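K.L.:
I have a structure here, written as structure tokens, and I will follow up with some questions on it.
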Amino acid sequence: MSTDLTRLTAAQLSEKLVSGEVSSVEATRAHLDRIDSVDGAIHAYLHVAHDAALERAAEIDSQRAAGASLGALAGVPIAVKDVLCTLDMPSTAASKILEGWIPPYDATVVARLRSAGMIPLGKTNMDEFAMGSSTEYSAYGPTRNPWDHGRIPGGSGGGSAAAVAAFEAPVALGSDTGGSIRQPASVTGTVGVKPTYGGVSRYGAIALASSLDQVGPVSRTVLDAALVHDVIGGHDPRDSTSLDEMWPSFEAAARKGQQERSLKGVRVGVVKQLGGEGFQAGVTQRFTEALALMERAGAEIVEVEAPNFEYAIAAYYLILPAEASSNLAKFDSVRFGLRVTPEGGGTVEQVMAASREAGFGPEVKRRIILGTYALSAGYYDAYYGSAQKVRTLIQRDFDAAFEKVDLLVSPSAPTTAFEFGSKTEDPLSMYLNDITTIPANLAGVPGLSLPIGLAPEDGLPVGLQVMAPAREDARLYTFGATIEALLEEGWGHPILDLLPAQPVSGEAAHIAPAPGQGTEPEGGTL
């Protein structure tokens, strides 16, 4: 029973909960057992709330038995990225400076999932303060990719993606500042969505770069992501950047794509600047096959120029560190968090310096220094000011592109999951891994990543990124669900059915070819 329940999607599990075939306690215990069984190798979680999760599941079961009106995902377990505040679990942002800290309140998204009856299983691992693309920069050790334990699960939200891919949770919450939901989804064979900026509250999300951060869902299907988005989305008066408007049902949008399975009349733009040199051959191959699938489904493929995307990484790595240096100034050892007192005592400044030296990891220090420099007198206009001007040009590129097409597509990442340690000695090579995802954050438009197959050279997942105009998140769900349905129709099963039971650490997982692999059957290839 346990294995079967962990393999169900959130939508499937919801149906069984509503029918009474399964109780929330059974579903929650199955996932907790799965975590106990495999997370020693994966390390997706920093904290697991065994007792609290089972207690809450029992409450939901009692409410259901009493005939209470419950949400669509009531009783469904969920994992929560450790960047989100939770009043009953530690919230550390994977940093030593917040080790053991339990907030006095829930983030709005956490409060909403609790109100909807979902069951928080625990807090997932991440790069410290969401700074990284590999989850190697966690102060508590890296998370491993379920496909190959010698490779990264993406970052900064590698813990959430790995938990979902390893069947340790049906769905999870993540945060995306420059691709931290979409890139981990790409390399783990899961689905990740960065909503329109302001579409989901950031209140209670430990800030990295406030003009870029966005909370969103991680799942195994597009429909599950839509269901979670419906729960966490909407206006929040406590978030000054929250959009005050009515949103459509994202579940309905995803179900429409599942049912119709047609892209007739849809204009799909391929961004010339988000491909080509530097992209792994297998990634390019699967992306090309996905474009052919779209054409067969009736879409019109149009090449789109976005000349200023070339400067997106440079602009991003000035804007993000500048905002991060400001946001992280609050960690001063005085109000909360780690406090280190130098031998013999010291001034406030000396205590602060010692605490920050001990509490922050190397990547956090690197970005604080870079950001402080970019904001310093005499350099503000030359660096931060210029980066904001480039950001405006990138937004204009998106506006011009969406006048010609309905959606933009690219690979979600230039490569499949890379090996641990292969990029940590060269931070610039790590930063380049976000080349396809950063533009959407700079412009505030929504983006979705879904798996489109396995790269032939290493048998690891490849993701397709889909971007829509701001506020058109529903368009992403309809399109994404259509592609997903057509691909799985051709494969005959979900991509995670190919996940190796026992990956060999340090070596590419051996994947038996799926039917039609290397060809182009009607539904696409693995």
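Throughout, read-outs are computed from the coordinates displayed, never taken from laboratory work. Quick caveat, the model's predicted, so the values are computed rather than measured. Here the Cβ is made from the backbone with ideal geometry for all residues, glycine too, and neighbour counts use every protein chain on show.
K.L.:
For the chain, what is the relative contact order in percent, using Cα pairs closer than 8 Å and at least 6 residues apart in sequence?
P.N.:
17
K.L.:
Something else now. Only Lys, Arg, Asp and Glu count, each charged at its Cβ (+1, +1, -1, -1), so figure out the dipole size of region 108-151 about its Cα centre, rounded to 20 debye.
P.N.:
Dipole size: approximately 280 debye.
K.L.:
Still on this structure: Only one of the listed values, (1) 32, 29, 22; (2) 32, 25, 25; (3) 70, 27, 22, was derived from the coordinates as semi-axes √(5λ) of the Cα gyration tensor in Å; which label is it?
P.N.:
For semi-axes √(5λ) of the Cα gyration tensor in Å, the calculated option is (1).
K.L.:
What's the lysine pair count for the chain at a Cα cut-off below 20 Å, pairs eight or more apart or interchain?
P.N.:
Value for the chain: 12.
K.L.:
Here's a follow-up. About the Cα centre, and with charges only on the beta carbon of Lys, Arg (+1) and Asp, Glu (-1), how big is the dipole of region 41-110? Nearest 20 debye, please.
P.N.:
Rounded to the nearest 20 debye, it is 180 debye.
K.L.:
Identify the GluC sites (Glu not before Pro) of region 425-492 meeting these criteria: DSSP loop state and at most 15 other C-beta atoms within 10 Å of the C-beta.
P.N.:
Glu425, Glu457
K.L.:
Taking K and R as +1 and D and E as -1, what net charge do the other residues with C-beta under 14 Å from the C-beta of Lys272 add up to?
P.N.:
So the environment of Lys272 carries a net charge of -4.
K.L.:
Continuing with this model, one more query. Going by the alpha-carbon gyration tensor, a ≥ b ≥ c the square roots of its eigenvalues, is region 361-475 rounded (a/c under 1.5) or, if a/c is not under 1.5, prolate (a/b greater than b/c) versus oblate?
P.N.:
Verdict is oblate for region 361-475.
K.L.:
Alpha carbon centre of region 378-396 versus region 329-353: separation in Å?
P.N.:
Each part's Cα centre sits 34 Å from the other's.
K.L.:
Which of Ala481, Gly459, Ile495 sits closest to the plus end of the dipole of region 453-497, meaning its Cα is farthest towards the positive end, when Lys and Arg get +1 and Asp and Glu get -1 on the C-beta?
P.N.:
So the residue we want is Ala481.
K.L.:
Any chance you could run the full-extension gain for Gln258 through Ala501? It's 0.36 nm times the residue separation minus the Cα-Cα distance, nm to one decimal.
P.N.:
84.6 nm
K.L.:
Now, a different point. Note down the magnitude of the dipole of the chain about its Cα centre, charges +1 on Lys and Arg C-beta and -1 on Asp and Glu C-beta and zero elsewhere, to the nearest 20 debye.
P.N.:
720
K.L.:
Could I ask something else about it? To the nearest Å, what is the center-to-center distance of region 65-107 and region 220-254, using C-alpha atoms only?
P.N.:
18
K.L.:
While we're looking at this one, here's another question. Of the GluC sites (Glu not before Pro) in region 272-336, which ones lie in a loop per DSSP and count no more than 10 other C-beta atoms within 10 Å?
P.N.:
Glu277
K.L.:
Let me ask something else. In region 252-334, which trypsin sites (Lys or Arg not before Pro) are in a loop and have at most 12 other Cβ atoms within 10 Å, using DSSP for the loop call?
P.N.:
Within region 252-334, the qualifying trypsin sites (Lys or Arg not before Pro) (loop, at most 12 other Cβ atoms within 10 Å) are Lys264.
K.L.:
Considering only Ile438, Gly337, Met131, whose Cα is most displaced toward the positive end of the charge dipole of the chain, charges sitting on Cβ of Lys, Arg (+1) and Asp, Glu (-1)?
P.N.:
Farthest along the dipole direction, towards plus: Gly337.
K.L.:
Any idea which of Tyr373, Phe309, Ala290 is furthest toward the positive side of the dipole for region 287-378, if Lys and Arg beta-carbons carry +1 and Asp and Glu beta-carbons -1?
P.N.:
After comparing all options, I get Tyr373.
K.L.:
Rank the residues Asp106, Asp239 as a footprinting-exposure proxy: fewest other Cβ atoms within 10 Å of their Cβ go first.
P.N.:
Asp239, Asp106
K.L.:
Further, regarding this structure: Is region 1-126 best put as rounded, prolate or oblate by its Cα gyration tensor, with a ≥ b ≥ c the root eigenvalues, rounded for a/c under 1.5, and otherwise prolate when a/b is larger than b/c, oblate when not?
P.N.:
Oblate shape, in that a/c is at least 1.5 and b/c is the bigger or equal ratio.
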